[in-house]
1. Just grab the label-to-label distance for ASN40 and LYS6, each label 7 Å out from Cα along the Cβ direction, in nm (one decimal).
2. Arrange the residues LEU24, LEU41 by how much accessible surface each exposes, largest first, with a 1.4 angstrom probe.
3. Ordering LYS6, LYS26 by accessible area with a probe of 1.4 Å, largest first, what comes out?
Amino acid sequence: MEIRGKTALVTGGTDGIGLCIARLLKEKGASVIVCGRRANLLASAQAEGLERLKPTCRHRQALRLWSTR
């Protein structure tokens, strides 16, 4: 499956398995947006080059952002 140039939304992507998945998707060429609840972990993910949503985001907001790509 080719994912280069695709956009991926990873909920829970700031820690654990979600972060590992986000990193792998980015490594494979996808644009990755992560969503999580803790602002400090979101900042860390952003420092790695992952896009992030606000810690208080709702799935509707995430889908709106994702659908504009």
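1. 3.4 nm
2. Details: LEU24 90, LEU41 40 Å².
Correct descending sequence by accessible area is LEU24, LEU41.
3. Numbers: LYS6 115, LYS26 90 Å².
Ranked list, largest accessible area first: LYS6, LYS26.
The values are calculated or read from the model by the stated rules, or taken from the named source; none is laboratory data. It should be emphasised that the depicted structure is a prediction, and the values quoted were computed from it without experimental measurement. Glycine gets a Cβ as well: all are built from the backbone with ideal geometry, and neighbour counts include every protein chain shown. With ligands, DNA and RNA removed, areas are computed over all heavy atoms of the protein, side chains included. Shrake-Rupley method; radii C 1.70, N 1.55, O 1.52, S 1.80 Å.
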